[in-house]
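Below is one structure, written out as structure tokens; the observations come after it.
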Amino acid sequence: MANKTSRNKKLNSELSHALLNDMERLEYGFATYWKQITAVAVVLVIVVTLAFWAVSARNRANREAAFALADAVTVEELTAALEQYSSAPGAAAARYRLVKLLIDAKDFEAAVRELRRVIEAQPAEPLLGSARVTEAYLYESMGKPEAAAKEFAALGTSMELSQALRAEANANAGRLFIQLKDLNQAASCLTRAANLVPDRESARWWHENARAMLIALEAGEYGPYTKAPTKL
């Protein structure tokens, strides 16, 4: 008898549940689980609020950094601004401006240190390529033509650089190797620059400059030189 009564209660419960329409089921579910639903809703509101606050704070910090870095015009001002905003999106470009100011002040050692920090930051092109080429020029300004020539030559074969920068690097490497009386290395670098098909006016200038130096070199104007035989 007890089992029959239990089965009847279970059947009545299932029948009652089946007769509930969708709205009633929703109301029933909310009435039953309102604490859990409210807790989840509160958590979601907190998460969304924190995310919005984080984005707003980051944007505000980026704006402050951009204004501070743009307003800095002296070595001292840029140095101070970069100490405060070293990880800001525009920090690499601002540090490159600092390098130029240091070069103007003839403080080449400090310029090299800052330039290496620009390169280590791996900014997007053309800033990265320009920084690497500037480093080679700095070595020359510091009285280190061998280091400058090697750096220019390495950059001249780097496909990471634009064609214009590769032409500039090869032409300068050739010029320096001529000064160092390493005419074979000079010819190799100048040939690379002369063989580049210019894709813009700046590349064309270095291309023509390298061709002129190569013709003079092969004519013996820089000293005895025997052109290497063409490989078949």
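The values are calculated or read from the model by the stated rules, or taken from the named source; none is laboratory data. Since the model is a prediction, treat every value here as computed from it, not as a measurement. Cβ: placed from backbone, ideal geometry, glycine included. Neighbour counts: every protein chain shown.
Any residue at all in the stretch 174-197 that is farther than 26 Å from GLY143 by Cα and of a type in the set (Asp, Glu)?
Initial filter on the stretch 174-197 (farther than 26 Å from GLY143 by Cα): 194-197.
Filter once more, so that each one left must be of a type in the set (Asp, Glu): none.
No; the residues of the stretch 174-197 include none that is farther than 26 Å from GLY143 by Cα and of a type in the set (Asp, Glu).
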- [ ] For ILE103, work out the one condition from (1) surrounded by 14 or more Cβ atoms within 10 Å (Cβ to Cβ); (2) modelled with pLDDT of 95 or more; (3) among the aliphatic types (A, V, I, L, M) it doesn't fulfil.
- [x] (2)
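Does ALA194 fit the bill of being in contact with an Asp or Glu (Cβ under 9 Å, 6 or more places away or on another chain) and either polar (S, T, N, Q) or at pLDDT 95 or above (or both)? Working first, answer last.
Working: in contact with an Asp or Glu (Cβ under 9 Å, 6 or more places away or on another chain): yes; either polar (S, T, N, Q) or at pLDDT 95 or above (or both): no.
When the stated conditions are applied, ALA194 does not pass them.
Being surrounded by 22 or more Cβ atoms within 10 Å (Cβ to Cβ), of a type in the set (A, V, I, L, M, F, W, C) and in contact (Cβ under 8 Å) with a residue 12 or more places away in the chain is the requirement here; does LEU155 meet it? So that I can check it myself, show each step before the final result.
Working: surrounded by 22 or more Cβ atoms within 10 Å (Cβ to Cβ): yes; of a type in the set (A, V, I, L, M, F, W, C): yes; in contact (Cβ under 8 Å) with a residue 12 or more places away in the chain: yes.
Taking the combined requirement at face value, the residue satisfies it.
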TODO: Can you give me the ranges of the helices (runs of 4 or more DSSP H) entirely in the stretch 57-173 with at least 3 residues that are within 26 Å of TRP206 (Cβ to Cβ)?
DONE: 91-104, 108-120, 127-141, 145-156
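Table: residues versus (1) surrounded by fewer than 14 Cβ atoms within 10 Å (Cβ to Cβ); (2) assigned by TED's automatic domain parsing to the domain that holds LEU190; (3) under 27 Å from MET213 (Cβ atoms).
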position: THR79; (1), (2), (3): no, no, no
position: GLY90; (1), (2), (3): no, no, no
position: PHE108; (1), (2), (3): no, no, yes
position: ALA111; (1), (2), (3): no, no, no
position: ALA173; (1), (2), (3): no, yes, yes
